[in-house]
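Note sheet for the following structure.
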Amino acid sequence: MHISEGVLRPEIIVPAAILTAAWTGWLVWRLESSQIPRVAAMSALFFCASFIHVPLGATSVHLVLGGLVGAVLGARAFLAILVGLALQAVFFGYGGLTSLGANAIIIGAPAVLAAFFTRGGRWQKARFFLAGFVPTLASSALLSLTLALNGEEFFAVAGLAFAANIALMVIEGIICLFGLSFIWRVNKELLPCEK
């Protein structure tokens, strides 16, 4: 789901970088020292999960686990994903530093939605599935929209990127269902909305 270095136009890169910097500053300002280990652990989970590639026809997709990260961290998921993306860009060249702001918004912003699905109520298994499915759906839509806004020559790629991630949405939903069900049984205090 990364957009590579040199693909995006400055009209997209600059506003995305400004928005990412502002959001990051606000989150860091509100971050308590007791929350840092949890953010670091979820950042490591995101970083490692992104290396698991699932072959899909002529291409492959990789796990994101944004829903699981978002369900555990709430709004702080954006920080964890930003750190993971920055490390991937610096050490492995995935994404890139100029596209870091756009990639953080594409993957990190939808991850925050997952916390909504951890709220109590009925249909727990369906909510836990949606906690993984919806952020991946939103990330795929943002990726496609960003590519489409980048120019007419990217329209076909934008549609292909969304279509390739449909299977990933289901996979992420299933992983999130099992992960959150386990957390619920073992220590539901880890879910911010269940305290």
*Quick check: is even one residue across region 135-145 open to solvent by 60 Å² or more (accessible area, probe 1.4 Å), more than 28 Å from residue 190 (Cβ to Cβ) and over 13 Å from the mean Cα position of the chain (by Cα)?*
yes
*asked:* So the check is Cβ under 9 Å with 6+ separation or different chains; which pairs have a first residue in region 173-189 that's open to solvent by 30 Å² or more (accessible area, probe 1.4 Å) and a second one that's at pLDDT 90 or above and not in a helix (DSSP H, G or I)?
replied: 175/65
*Can you run down the residue pairs with Cβ atoms below 6 Å, 6 or more apart or on separate chains, where the first is in region 142-160 and in a helix (DSSP H, G or I) and the partner is among the aromatic types (Phe, Trp, Tyr)?*
144/162; 147/154; 148/155
*Within region 94-121, how many residues turn out to be assigned to a loop (DSSP other than H, G, I, E, B) and open to solvent by 50 Å² or more (accessible area, probe 1.4 Å)?*
6
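The values are calculated or read from the model by the stated rules, or taken from the named source; none is laboratory data. Note that the structure is predicted; figures quoted are calculated from it, not measured. Here the Cβ is made from the backbone with ideal geometry for all residues, glycine too, and neighbour counts use every protein chain on show. Note: accessible area is taken over every heavy atom of the protein model, side chains too, but ligands, DNA and RNA are not part of it. Shrake-Rupley method; radii C 1.70, N 1.55, O 1.52, S 1.80 Å.
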